[in-house]
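Each remark here refers to the structure printed beneath this line.
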């Protein structure tokens, strides 16, 4: 496929348990004009046995690293560089999708050429695949009703009101990206271990609009991430304050406004850390 409409990128590291489900949920999409790029980051858990089932399938490219890169974002950069589609879907290897995910999100970009990304509500599932909630819980403290209905918003307004507070697009698997805008913001900053997606959504929205559908078409799996090695709140603080400053400067905040936003974020990080210590909260629930 020289010019597929969509490039789906699956960065995988030690998610053999979920990898087949992830791949099959992409291949079973009702919208079929896509290529699938699978990037295995030197997994040691038998992921290669799963991938062996797909090497001969059409529309699939599989790239296996001989050495682990230590983070997801170098793999994002590699996958995006390989992508040939008009739109890019970074489908994390431990998540899955409703068969209508692409069919529903694609018109949000096709019909709104100013939008650089579109995303949907997510169903939260546990490692066994049992539904345990939805992503509305993550954003309800900012606005209890906004994410219950579809919307289109300017990127700058989205940053000023919401994205500068915390990552209101918390799962990459729920996002479809316009490659022409994405390429203007590359590369993804690999100095970030956890919050590089938050920063990159901001970079895209400084250049474009955002579209959202409240349909829960993404299945976001909790307690399965390989990205976190510290108590929730610690890495968020180290990386988040840099992101808030970048976004604040991008939308013209004063130094006082940026400082206030950083201080409010510090309070959030302390609350996440305290909640984790006191209640043994699941790691990915606190992800920015």
Considering only residues of segment 65-85 that are assigned to a loop (DSSP other than H, G, I, E, B) and in contact with a helix residue (DSSP H, G or I) (Cβ under 7 Å, 6 or more places away or on another chain), which is surrounded by the fewest Cβ atoms within 10 Å (Cβ to Cβ)? 69
Considering only residues of segment 119-164 that are touching a helix residue (DSSP H, G or I) at 6+ places or on another chain (Cβ under 7 Å) and surrounded by fewer than 17 Cβ atoms within 10 Å (Cβ to Cβ), which is nearest to residue 262 (Cα to Cα)? 142
Go through segment 243-273 and report how many residues are in contact (Cβ under 8 Å) with a residue 40 or more places away in the chain and within 23 Å of the chain's Cα centre (by Cα). 12
Checking the conditions here, which among 50, 88 is in a strand (DSSP E or B) and either over 24 Å from residue 189 (Cβ atoms) or touching a helix residue (DSSP H, G or I) at 6+ places or on another chain (Cβ under 9 Å) (or both)? 88
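Condition check: touching a strand residue (DSSP E or B) at 6+ places or on another chain (Cβ under 6 Å) and either modelled with pLDDT under 95 or farther than 18 Å from residue 197 by Cα (or both). Does residue 88 satisfy that?
no
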Going residue by residue through segment 174-186, is there one that turns out to be within 20 Å of residue 239 (Cα to Cα), surrounded by fewer than 15 Cβ atoms within 10 Å (Cβ to Cβ) and over 15 Å from the mean Cα position of the chain (by Cα)? yes
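The values are calculated or read from the model by the stated rules, or taken from the named source; none is laboratory data. Being a predicted model, the structure only gives us computed values, none of them experimental. Don't worry about glycine lacking a Cβ; one is built from the backbone with ideal geometry, like all the others, and counts go over all protein chains shown.
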